[in-house]
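**Student:** What follows is a single structure, and I will ask about it in a moment.
The values are calculated or read from the model by the stated rules, or taken from the named source; none is laboratory data. Given the structure is predicted, the values throughout are model-derived calculations rather than measurements. Using ideal geometry, Cβ is built from the backbone for each residue, glycine included, and neighbour counts are taken over all protein chains shown. The area values use the complete protein model at the heavy-atom level, side chains included, leaving out ligands, DNA and RNA. Shrake-Rupley method; radii C 1.70, N 1.55, O 1.52, S 1.80 Å.
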Amino acid sequence: MTDFDVTEYFEHRRVQVNAALDAALAQSEDDPGRLREAMRYAVLDGGKRMRPLLVVAACEAVGGSVEAALPAACAIEMVHAYSLVHDDLPAMDDDVERRGKPTVHVAFGDANAILVGDALLTHAFTTLASGATAAPDGRLLQAVVSLAHHSGIDGMVGGQALDLQVGQDVDDLAMLERVHALKTGGLYAASGAMGALSGGAQDEVAARLEAFGLAFGIAFQHADDVLDDDQPALREKALGRVDELTANCLDQVASLGEAAEPLRGIARWVAHRAHAAHRGEIKD
Ligand code: GRG
């Protein structure tokens, strides 16, 4: 246990991630249907940026720089933001507020919200590929494959479909975690893997940080369930799993030394979040 200050780390790295996102989603006079404006509205100004922070921390853990991680960090946040825009649509959750402001379809219309999601998903890959000089040799291609795999049918989109299929009140922890692993864990797994690859990690280390991301993502979703008071019947079991998943995260990075302190801080952060939410000490 060290005195690493994860809150301070989050604050500093968030500033760098937000500046990179602002640049990657530059406004232009050429803005058909105000789509660029809507993309900026969906991504900038709000959100915890946990997925990009994990990308940056994973890159630093293997000796890479923050700058090398930023293309992948921006890409994962764009995919995440696209999923939120589509998830908020009337045909999905029909939510009117997100990140403290009207949802994209409320502010820009349903058709534009669909296009915003589509454009963010594709722009994510343009942004990731812009890091070609940062990610050494074939690792950029591996990062592209990881992002595509974990975002699509074998990850987030497949998890959303499974979630819709099994419904709200799941009474089986294993089934619940299958949904969590795909729907939420997928993007965190891609974050760990892409961060490691951006920093030049070998395959074995990238696989460990992908596993870190997956375990973290499942724990993150358990914490989110506690905050939203979802799945109350499985609460005690889920809190126990958060502790196991956190321990699993710490195991994955045990051999990485001091450089992995931000990742350890992130793992401990999610355990604290879940338990503090359960005690009613935090609401968001
Ligand atoms: C519609 C393709 C499609 C996928 C939807 C991610 C998702 C799948 C839906 C969003 C709704 C939801 C509750 C997803 C679970 C993941 C999650 C906890 C999202 C919220 O992430 P935070 O807390 O949000 O990181 P911020 O705003 O901080 O970025």
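**Student:** Rolling a 1.4 angstrom probe over the protein chains, ignoring ligands and nucleic acids, what is the accessible area of M175 in square angstrom, nearest 10?
**Tutor:** 50
**Student:** Can you work out the accessible area per residue across the stretch 6-278, with the rest of the protein chains kept in place, probe 1.4 Å, in square angstrom?
**Tutor:** 42
**Student:** Using 7 Å Cα-to-Cβ label points, what is the D137/A174 separation (nm, one decimal)?
**Tutor:** Label-label distance for D137 and A174, simple model: 4.0 nm.
**Student:** Quote the accessible area belonging to R49 in square angstrom, nearest 10, computed with a 1.4 Å probe and with ligands, DNA and RNA left uncounted.
**Tutor:** Counting only protein heavy atoms, R49 exposes about 10 Å² to solvent.
**Student:** Something else: Set the Förster distance to 30 Å, then compute FRET efficiency between Q27 and R99 from the Cβ-Cβ distance, nearest 0.05.
**Tutor:** The value I calculate is 0.95.
**Student:** Given +1 on the Cβ of Lys and Arg, -1 on the Cβ of Asp and Glu, and no further charges, what dipole in debye does the stretch 6-278 carry about its Cα centre, rounded to the nearest 20?
**Tutor:** 540
**Student:** For Cα pairs less than 8 Å apart in space and 6+ apart in sequence, what is the mean separation divided by the residue count of the chain, i.e. the relative contact order in percent?
**Tutor:** That works out to 21 percent.
**Student:** How much of the accessible area of the stretch 6-278, probe 1.4 Å, is carbon plus sulfur, in whole percent?
**Tutor:** 54
**Student:** Mind grabbing the base-10 log of I(q)/I(0) for the stretch 240-284 at q = 0.14, 0.15 Å⁻¹? Debye formula, identical points on the C-alpha positions, no solvent, two decimal places.
**Tutor:** Reported log10 I(q)/I(0), two decimals: -0.36, -0.40.
**Student:** How large is the direction-averaged shadow of the alpha-carbon convex hull of the chain, in nm²?
**Tutor:** Answer in nm², one decimal: 14.1.
**Student:** Would you tally the net charge around E29, using a Cβ to Cβ cut-off of less than 15 Å, leaving E29 out, and scoring K and R as +1, D and E as -1?
**Tutor:** Computed value for this residue: 0.
**Student:** Sticking with this structure for a sec: Let me know the longest stretch in the chain that avoids all GluC sites (Glu not before Pro) found in a DSSP loop with at most 15 other C-beta atoms within 10 Å.
**Tutor:** The longest such stretch corresponds to 30-280.
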